[in-house]
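Just below is one structure, and these are the notes that go with it.
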Amino acid sequence: MAVEEQDFRVFNGEGELYLRRLSKALGEDKLKTVLFLHGAFLPSSICFDPSLEGYSWARHLALEGFDVYLLDFRGFGLSYKPHRHQPVCTVDNALADVRAAVEYILAKSKTSAVSLIGWSWGACIAGLFAGKYPHLVERVHLHAPIFERRDELAEKLEREVLRSRRDGYVGVALSELRKWLGGVEDRVLSSLISTMSTGEVTYLPLGPWLSMYELFKSGEPIFSPKDIRCPVFITRGEEDLVVSRDGVVKLFRLIPISQKQLVLVQGGGHFMHLEEEKNRLKLYRLSSFFLCEDFKW
């Protein structure tokens with residue numbers, strides 16, 4: 001059965017955010033309402049729903065009966081692009097964007113809460129939102145959440161990314177982007193990159209990169225796991241070079257509730273949802289299992 005797609009524009013008080021909805025049958029009851037939150041590299045409309053067949057985590061869930069939404073944060077993808085000297089899409093900005101999207105979704109779907117799936121920096125925003133607005137979040141899946149000090153990554157960001165600031169954005173050479181996207185097949189890389197820029201450099205919001213740099217340098221987390229009260233699922237690929245095993249184990253132990261699970265997926269990297277089939281399908285299926293009503297803790 002085909003997945004139906006709808007596009008929405010959501011006002012966050014400053015500009016219009018892009019929100020995509022994917023559903024197997026728009027008029028039927030759904031298993032759960034799910035909102036995807038992306039990281040610093042790729043907007044949700046690209047990284048969770050690429051045009052390549054079989055690589056869409058979002059469509060996989062929609063085909064299983066979930067009511068799926070994807071948000072592009074301000075400055076990313078199909079959302080509006082603020083023009084300012086200050087960093088675009090700070091943590092506070094992203095939190096406001098999620099709040100606007102969730103309120104829009106809840107009003108439209110007539111449900112009382114959503115489940116969040118956040119990846120990388122987006123997992124930090126998902127954790128922050130879940131802690132700050134517990135009444136709006138049913139469950140949260142944190143995939144490859146960034147949580148610990150990593151001096152070598154702070155130096156890498158400073159050397160390869162942050163030196164190329166332009167107002168509220170940062171210029172990332174597509175050749176460098178390919179290095180960061182290690183583990184993703186060349187044809188997939190080419191498809192993703194072609195949707196981002198036709199030149200040699202793509203400009204991305206500075207906010208996520210700055211907050212990651214500060215975290216990697218200081219070890220001060222973006223969100224407090226002790227504030228989360230809903231069921232939590234954490235996943236990390238064993239070959240992830242950005243998020244360490246010790247980091248996710250530490251995060252898991254700091255979450256105060258008993259309704260939590262941590263799964264370390266053999267073979268997967270930081271971009272596991274876009275990697276070879278056996279890796280990404282493991283992740284898709286684990287996510288679906290966690291989100292289902294009959295999940296046994």
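The values are calculated or read from the model by the stated rules, or taken from the named source; none is laboratory data. Note that the coordinates shown come from a computational prediction; the quantities given were computed from them, not determined experimentally. Neighbour counts run over all protein chains shown; Cβ positions are idealised from the backbone, glycine included.
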**Request:** Tell me which of these TYR133 doesn't satisfy, since it passes every other one: (1) within 25 Å of GLY269 (Cβ to Cβ); (2) among the hydroxyl-bearing types (Ser, Thr, Tyr); (3) surrounded by fewer than 17 Cβ atoms within 10 Å (Cβ to Cβ); (4) modelled with pLDDT of 95 or more.
**Result:** (1)
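Does PRO82 fit the bill of being farther than 28 Å from VAL188 by Cα, buried (at least 17 other Cβ atoms within 10 Å of the Cβ) and out of contact with any helix residue (DSSP H, G or I) (no Cβ under 7 Å at 6 or more places or on another chain)?
yes
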**Item:** segment 269-283, residues that are assigned to a loop (DSSP other than H, G, I, E, B) and either of a type in the set (Phe, Trp, Tyr) or without any contact (Cβ under 8 Å) to a residue 60 or more places away in the chain (or both)
**Value:** PHE271
**Asked** Would you pick out the residues in segment 199-233 that are over 16 Å from the mean Cα position of the chain (by Cα), among the hydrophobic types (A, V, I, L, M, F, W, C), within 20 Å of LYS250 (Cβ to Cβ) and assigned to a helix (DSSP H, G or I)?
**Response** LEU215, PHE216
**Asked** In segment 220-236, what residues are buried (at least 21 other Cβ atoms within 10 Å of the Cβ), over 16 Å from LEU153 (Cβ atoms) and in contact with a helix residue (DSSP H, G or I) (Cβ under 7 Å, 6 or more places away or on another chain)?
**Response** PHE223, PRO225, ILE228, PHE233, ILE234, THR235
**Prompt:** What number goes with the only condition from (1) assigned to a helix (DSSP H, G or I); (2) at positive phi that ILE193 does not pass?
**Reply:** (2)
**Fill in**
Scanning segment 131-178 for residues that are farther than 23 Å from GLY75 by Cβ and either within 19 Å of the chain's Cα centre (by Cα) or of a type in the set (Ser, Thr, Tyr) (or both) gives GLY131, PRO134, LEU136, VAL137, GLU138, ARG139, VAL140, HIS141, PHE147, GLU148
**Request:** Please identify the pairs in which a residue from segment 85-112 that is at positive phi and of a type in the set (Ser, Thr, Tyr) has its Cβ atom under 6 Å from the Cβ atom of a residue that is crowded, with 17+ Cβ neighbours inside 10 Å and modelled with pLDDT of 95 or more, counting only partners at least 6 apart or on another chain.
**Result:** none
**Item:** Count of residues meeting criterion [out of contact with any strand residue (DSSP E or B) (no Cβ under 9 Å at 6 or more places or on another chain) and either among the aromatic types (Phe, Trp, Tyr) or part of a loop (DSSP other than H, G, I, E, B) (or both)] in segment 122-156
**Value:** 6
**Prompt:** Only one of these conditions is not met by ILE117: (1) touching a strand residue (DSSP E or B) at 6+ places or on another chain (Cβ under 9 Å); (2) surrounded by fewer than 24 Cβ atoms within 10 Å (Cβ to Cβ); (3) hydrophobic (A, V, I, L, M, F, W, C). Which number is it?
**Reply:** (2)
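Residue by residue through segment 145-198, note down the ones that are among the acidic types (Asp, Glu) and either modelled with pLDDT under 85 or farther than 18 Å from TRP119 by Cα (or both).
Those that are among the acidic types (Asp, Glu) and either modelled with pLDDT under 85 or farther than 18 Å from TRP119 by Cα (or both): ASP151, GLU152, GLU155, GLU158, GLU160, ASP167, GLU176, GLU185, ASP186.
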**Request:** Can you confirm whether segment 176-194 contains a residue that is closer than 20 Å to VAL161 by Cβ, free of Cβ contacts under 8 Å to residues at least 12 places away in the same chain and acidic (Asp, Glu)?
**Result:** no
**Item:** Sole residue being at pLDDT 95 or above and under 25 Å from ILE193 (Cβ atoms), chosen from ILE105, ILE125
**Value:** ILE125
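Rundown of residues vs (1) over 21 Å from PHE223 (Cβ atoms); (2) assigned to a loop (DSSP other than H, G, I, E, B); (3) charged (D, E, K, R), yes/no style:
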| residue | (1), (2), (3) |
| --- | --- |
| LEU52 | yes, yes, no |
| TYR55 | yes, yes, no |
| ALA62 | yes, no, no |
| HIS85 | yes, yes, no |
| ARG99 | no, no, yes |
**Item:** Qualifying positions in segment 101-140 - among the basic types (Lys, Arg) and within 15 Å of PRO221 (Cβ to Cβ)
**Value:** LYS132
**Request:** Return only the number of the condition from (1) of a type outside the set (A, V, I, L, M); (2) part of a loop (DSSP other than H, G, I, E, B); (3) under 25 Å from LEU95 (Cβ atoms) that ARG236 does not satisfy.
**Result:** (2)
